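Take a look at the structure set out below.
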Amino acid sequence: MFLHRMLVVEDHPDMHRFYDTLLRKVGRQVALEYYLAKSVPEARRILKRQLVDLIILDWMLPGVCGLDFVKEIRAEPTHKDILIIMVTAKCMAKDCAEALNNGADDFMSKPFNVDVFLARLRSLARRKERPWQAEAPIECGGVRLDPSRGQVMVAGKEVHMHPKEMLLLEVFLRRPRILHTPRDLWDRGWAYDSENWEHVLVTTISNLKKSLGPKRGGQLECRRGLGYVFKD
């Protein structure tokens, strides 16, 4: 069984060849199955016949842009657990926020560091190697999380969250009233280095607070310069 399957969506010929060469080398060292698409329609056809764990997606694509494709992927329940990393020449904080708010897990700025890219693959492989175990629901401060079912209840009503929001919520619920540093939260939720990690983390926590609603979201406090605390 492959540890991970990857789909790369990139229309530029040079980048296409770069990914193909790089992933062939990686495939000699780890169990990796990958697919290359030059457009969103081609990527759609691949996803119809093959489940993948990771999508490397260029922002600027012909016809349908990468950001719109992220929204499309997240609207499909069977694709909710796919890790999506956007690759873009855009590097502003607002671009990071736009990508994350629409369902991306992270993004890399062009030109990106190959070592950082490979670190993401190793992180994915480690997560796939972990054995699945049923976990009991956690409840704290009016918020209930069932990790095994991927279900969040706030004040008795189900709330749908991005997987990364749910992962951070689990950290907070398991250790309420404890100060969590930004770096600790990043390492628990992503487990790889990223040049954009602070933007990604801040945006994900902001989205988590919105998902929890005004009252419960207010229980998640930012201690400026220190970290975050969930008060029950």
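Output the residue which, of all residues in the range 157-198 that are among the small types (Gly, Ala, Ser) and in contact with a helix residue (DSSP H, G or I) (Cβ under 6 Å, 6 or more places away or on another chain), is surrounded by the fewest Cβ atoms within 10 Å (Cβ to Cβ).
From the range 157-198, those among the small types (Gly, Ala, Ser) are 189, 191, 194; that's our starting set.
Right, trim to in contact with a helix residue (DSSP H, G or I) (Cβ under 6 Å, 6 or more places away or on another chain) and you get 189, 191.
On the way: Gly189: 21, Ala191: 14.
So, considering only residues that are among the small types (Gly, Ala, Ser) and in contact with a helix residue (DSSP H, G or I) (Cβ under 6 Å, 6 or more places away or on another chain), the one surrounded by the fewest Cβ atoms within 10 Å (Cβ to Cβ) is Ala191.
For the range 7-35, which positions are modelled with pLDDT under 90, in contact with a Leu (Cβ under 6 Å, 6 or more places away or on another chain) and not in a helix (DSSP H, G or I)?
Ala31, Tyr34
Quick check on the range 36-53: of everything there that is assigned to a helix (DSSP H, G or I) and β-branched (Val, Ile, Thr), which residue is surrounded by the most Cβ atoms within 10 Å (Cβ to Cβ)?
Checking each candidate, the answer is Val40.
Among the residues of the range 83-103, is any among the polar types (S, T, N, Q), over 19 Å from Ala119 (Cα atoms), in a loop (DSSP other than H, G, I, E, B) and not assigned by TED's automatic domain parsing to the domain that holds Ser194? First the steps, then the outcome.
Filtering the range 83-103 for residues among the polar types (S, T, N, Q) gives 88, 101-102.
Filter once more, so that each one left must be over 19 Å from Ala119 (Cα atoms): 101-102.
So of that shortlist, the ones also in a loop (DSSP other than H, G, I, E, B) come out as 102.
Those still in the list that are not assigned by TED's automatic domain parsing to the domain that holds Ser194 too: 102.
Yes, some residue in the range 83-103 is among the polar types (S, T, N, Q), over 19 Å from Ala119 (Cα atoms), in a loop (DSSP other than H, G, I, E, B) and not assigned by TED's automatic domain parsing to the domain that holds Ser194.
The values are calculated or read from the model by the stated rules, or taken from the named source; none is laboratory data. For clarity, every value in this text was computed on a predicted model and none was experimentally measured. Methodologically, a virtual Cβ is constructed for each residue, glycine included, from the backbone with ideal geometry; neighbour enumeration extends over all protein chains shown.
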